[in-house]
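Worksheet: the structure to be examined is printed underneath.
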Amino acid sequence: MRRTRQNEKLRSLVRETHLRLDQLIYPIFVAEGIQEPHQVASMPGVVQQPLTMLDREAERIASLGIPAVLLFGIPSEKDEVGSQAYAEQGVVQQAVRRFKAVTPETLVITDVCMCEYTSHGHCGIIRRGEVQNDETLELLARTALSQVEAGADIVAPSDMMDGRVGAIRRTLDEHKFTGVPIMSYAAKFASGFYGPFRDAAGSTPQFGDRRAYQMDPANAREALREVELDIAEGADMIIAKPAMAYMDIIRQIRDRTSLPIAAYNVSGEYAMIKAAAQNGWIDERRIVMEVLTGLHRAGSDMIITYFAPAVAQWLKES
């Protein structure tokens, strides 16, 4: 077996899994009410971008050749029903317009959820201390519609309310947006790996947690059922989140569907690698490329990662 491992030319010739630039999706946090980028303390190298500087960020991403971004909004005002999520001049809606005006060729994916916009930090309407599933669906559908009207190419519901893919699909179709794909967070687990994201997005729940609607990390068969339901409701692409501790889930999804799959290399996974690299314990470039190649090998077609700009540069150099 060692005959084909003797040098890089041979290793490259027989390499089975290739990480490519066109597989990358870069998550971006866009904030209202700030004039300069704000560093996220728990995510070195990741910032909250001000709307006023988004043109420059759009140009940077395009120059790196990254094909797609995933936008998260941080509004200056929040309320009980997350009204800024579906406002015509909401932060994400403004961000989409800016991105498409500067780099129309960049695919803009928008996160569809309520947690960044609600005063309580949960992903839906609260009644008697509980998130109300069916009441929330209407607001999620309104949010997706407003984002698409602003120019979003793809919508990505991340709330984990039952039936939200179907509600969004019906609403988009009724308003003649039949060609807009839905990239569903179908297998989204209630994970400890999300901590840094909540710092970045300001979305920490003010009471309780999200385990009543996000998935139990112990359950694989349930994840497959979630995927099946979202596909039946009209999902065009599937997201598995987190990624590194859930490669078995990615593989099982891949074995059961031909739909495109995105692995979300989440904030906690990013933060761990950055911290270890900054301490000199690991080679950051080597580890990142190994992890992302592993996610692709497990079955993902796309990778959502905060490492996207660095990986884009590394791939160009290789």
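Residue 112 versus (1) without any contact (Cβ under 8 Å) to a residue 60 or more places away in the chain; (2) on the phi > 0 side of the Ramachandran plot: which is the lone unmet condition?
It fails just one condition, (2).
Could you tell me which residue of region 55-68 is farthest from residue 151 (Cα to Cα), considering only residues that are touching a helix residue (DSSP H, G or I) at 6+ places or on another chain (Cβ under 6 Å) and either β-branched (Val, Ile, Thr) or buried (at least 21 other Cβ atoms within 10 Å of the Cβ) (or both)?
The residue in question is 66.
Would you mind stating whether residue 149 is modelled with pLDDT under 95, of a type outside the set (Lys, Arg), part of a helix (DSSP H, G or I) and open to solvent by 10 Å² or more (accessible area, probe 1.4 Å)?
Values: modelled with pLDDT under 95: no; of a type outside the set (Lys, Arg): yes; part of a helix (DSSP H, G or I): yes; open to solvent by 10 Å² or more (accessible area, probe 1.4 Å): yes.
The answer is no for residue 149.
Among the strands (runs of 3 or more DSSP E) confined wholly to region 1-80, which include 3 or more residues that are touching a residue at least 40 places away in the same chain (Cβ under 8 Å)?
Once the strands (runs of 3 or more DSSP E) in region 1-80 are filtered for at least 3 residues that are touching a residue at least 40 places away in the same chain (Cβ under 8 Å), what remains is 24-31, 68-74.
Quick check on my filter: what residues within region 168-205 are of a type in the set (Gly, Ala, Ser), outside any loop (DSSP other than H, G, I, E, B) and either open to solvent by less than 10 Å² (accessible area, probe 1.4 Å) or in contact with a Cys (Cβ under 6 Å, 6 or more places away or on another chain) (or both)?
So in region 168-205, the residues of a type in the set (Gly, Ala, Ser) come out as 179, 184, 186-187, 190-192, 195, 200-203.
Cutting the leftovers down to outside any loop (DSSP other than H, G, I, E, B) gives us 184, 186-187, 192, 195, 200-201.
184, 186, 187, 200, 201, listed by residue number.
With respect to the numbered conditions (1) assigned to a loop (DSSP other than H, G, I, E, B); (2) open to solvent by 10 Å² or more (accessible area, probe 1.4 Å); (3) modelled with pLDDT under 95; (4) not basic (Lys, Arg), which one is the sole condition not fulfilled by residue 87?
Tallying (1) assigned to a loop (DSSP other than H, G, I, E, B); (2) open to solvent by 10 Å² or more (accessible area, probe 1.4 Å); (3) modelled with pLDDT under 95; (4) not basic (Lys, Arg), residue 87 fails exactly one: (3).
The values are calculated or read from the model by the stated rules, or taken from the named source; none is laboratory data. All figures in this text were calculated on a predicted structure; none of them were measured in a lab. So basically every Cβ, Gly included, is an ideal-geometry build from the backbone, and we count neighbours across all protein chains shown. Protein only, heavy atoms only, side chains kept; ligands, DNA and RNA dropped before computing areas. Shrake-Rupley method; radii C 1.70, N 1.55, O 1.52, S 1.80 Å.
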